[in-house]
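The values are calculated or read from the model by the stated rules, or taken from the named source; none is laboratory data. Keep in mind that this is a model prediction, so the values were computed, not measured. Backbone-built Cβ (ideal geometry, glycine too); neighbour counts: all protein chains shown.
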Amino acid sequence: MKIQYPIITISEKSHIEFIKSDEDLKKCNKSALKNRYYNKLILIDSDSIRYTVQSAEQESTTGILWGFNLLKGQQLKVKLIFEEKVEKIELSELQDLLIKMINKDKYFWDSDGNLKERLEFIRNANSAEDIISKFTYEYYKKY
């Protein structure tokens, strides 16, 4: 399985994240692993392929001092176990999904006053890669 980065992840609780690398995807804190954040996590990559994570297992710690960080808790590297079913997602389906999820949490997405522009960009995008790349860039620029 070759995931094409950047990707969008959608958690069971409909939380969206944008991930630029395999390293970023597989790094979490102990609490996320304990709370099964990765279970049923949906990944949509830049090639419009949808993957579903079945579960995650701790592989190692990351950073110095066995991954301990006072602000973030212990940092771990995880191994992801994927479901076998992998499918192509149509651009229109991705657009509809993102628009629906953004509208559900529109106060967050409009916190900088750019909600209309974001929705318009999604509607007019020519590929999943265009959408994912733009939002990943914005996400990493802010955080």
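Couple of notes before you dig in:
- Flag for E93 being loosely packed, with under 13 Cβ neighbours inside 10 Å and on the phi < 0 side of the Ramachandran plot: no
- One residue from E117, E87 being out of contact with any helix residue (DSSP H, G or I) (no Cβ under 6 Å at 6 or more places or on another chain), closer than 27 Å to E57 by Cα and of a type in the set (D, E): E87
- Counted residues, segment 120-143 - those being outside any loop (DSSP other than H, G, I, E, B), within 17 Å of F18 (Cβ to Cβ) and over 18 Å from the mean Cα position of the chain (by Cα): 1
- Tally, over segment 11-27, of residues that are in a strand (DSSP E or B) and either among the basic types (K, R) or in the same structural domain as F108 (by TED's automatic domain parsing) (or both): 1
- Members of segment 1-10 that are surrounded by 12 or more Cβ atoms within 10 Å (Cβ to Cβ) and not in a strand (DSSP E or B): I3, Q4, Y5, P6
Residue-wise test of (1) modelled with pLDDT of 90 or more; (2) more than 16 Å from the chain's Cα centre (by Cα); (3) of a type outside the set (V, I, T); (4) not assigned by TED's automatic domain parsing to the domain that holds I19.
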site	(1), (2), (3), (4)
N29	no, no, yes, no
R50	yes, no, yes, no
Q54	yes, no, yes, no
S60	no, yes, yes, no
G63	no, yes, yes, no
F68	no, yes, yes, no
K72	no, yes, yes, no
E83	yes, yes, yes, no
K106	no, yes, yes, yes
